[in-house]
Amino acid sequence: MTLRREDVVAAARRWIGTPYCHQAARRGAGSDCLGLVRGVWRELYGDEPEPVPPYSMDWSEPQREERLWAAARRHLVERTTAELCPGSVILMRMRASAVAKHLGIVTVGGAAPRFVHAYSGHGVIESPLGAPWRRRIVACFDFQGVR
């Protein structure tokens, strides 16, 4: 299956306006950042590749385990963080000493990049991917089959 980057971006943007809800993954009803990526996956491929266990707001910080990063490596295609393209999934650390636990989908590349993400207190929004966000990026991935 081959997907165009524009298809990923269009799917992500359809989630804009969805309220933030921890552990949720339903467009229009509620989503967190993982739920956004899970929902886009379902729109592109159908069933999710594995069940998602319940997770707390602190994820795996007490154990210092990069569970989200490991899951992304299992199901997405890793690329360098210098290769941010529309449709790429980005993984971020919210604090330098924390595990990576925030996800977004790049919608615009180039000199003024943007991304869609679910952000507590804001819901699913499209934000500029400026320096405060870019410095948090630790990994970049593509959905399978994206060209």
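The values are calculated or read from the model by the stated rules, or taken from the named source; none is laboratory data. Small disclaimer: the values here were computed from a predicted structure and weren't measured. Every residue, glycine as well, gets a Cβ built from its backbone with ideal geometry; the counts of neighbours run over all protein chains shown. The area values use the complete protein model at the heavy-atom level, side chains included, leaving out ligands, DNA and RNA. Shrake-Rupley method; radii C 1.70, N 1.55, O 1.52, S 1.80 Å.
Filter the stretch 114-135 for residues that are outside any strand (DSSP E or B) and surrounded by fewer than 17 Cβ atoms within 10 Å (Cβ to Cβ) and give the result. Please lay out each step first, then the result.
Our first condition is that a residue be outside any strand (DSSP E or B); within the stretch 114-135, this holds for 120-122, 129-135.
The answer is 120, 121, 122, 130, 131, 132, 134, 135.
Among 146, 77, 89, 138, which is within 24 Å of residue 19 (Cα to Cα) and β-branched (Val, Ile, Thr)? Break it down stepwise before answering.
Details: 146 fails: within 24 Å of residue 19 (Cα to Cα); 77 fails: within 24 Å of residue 19 (Cα to Cα); 138 fails: within 24 Å of residue 19 (Cα to Cα).
Testing whether each residue is within 24 Å of residue 19 (Cα to Cα) and β-branched (Val, Ile, Thr) leaves just 89.
Would you mind finding the one in 86, 54 that is in a loop (DSSP other than H, G, I, E, B) and either surrounded by 20 or more Cβ atoms within 10 Å (Cβ to Cβ) or touching a residue at least 60 places away in the same chain (Cβ under 8 Å) (or both)? Spell out how you get there, then give the answer.
Details: 54 fails: either surrounded by 20 or more Cβ atoms within 10 Å (Cβ to Cβ) or touching a residue at least 60 places away in the same chain (Cβ under 8 Å) (or both).
Only one candidate passes the filter, namely 86.
In the stretch 1-50, what residues are aliphatic (A, V, I, L, M) and surrounded by fewer than 14 Cβ atoms within 10 Å (Cβ to Cβ)? Steps first, please.
Filtering the stretch 1-50 for residues aliphatic (A, V, I, L, M) gives 1, 3, 8-12, 16, 24-25, 29, 34, 36-37, 40, 44.
Correct list: 1, 29.
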Any residue at all in the stretch 61-74 that's more than 22 Å from residue 22 (Cα to Cα) and surrounded by fewer than 17 Cβ atoms within 10 Å (Cβ to Cβ)? yes
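I need a count of the residues in the stretch 89-101 that are open to solvent by less than 50 Å² (accessible area, probe 1.4 Å) and either among the β-branched types (Val, Ile, Thr) or in contact with a Lys or Arg (Cβ under 7 Å, 6 or more places away or on another chain) (or both). Don't jump to the end; show me each part of the working.
Here is the first cut: in the stretch 89-101, the residues open to solvent by less than 50 Å² (accessible area, probe 1.4 Å) are 89-92, 98-101.
Among the residues that remain, those that are also either among the β-branched types (Val, Ile, Thr) or in contact with a Lys or Arg (Cβ under 7 Å, 6 or more places away or on another chain) (or both) are: 89-90, 92, 99-100.
Total satisfying the criteria: 5.
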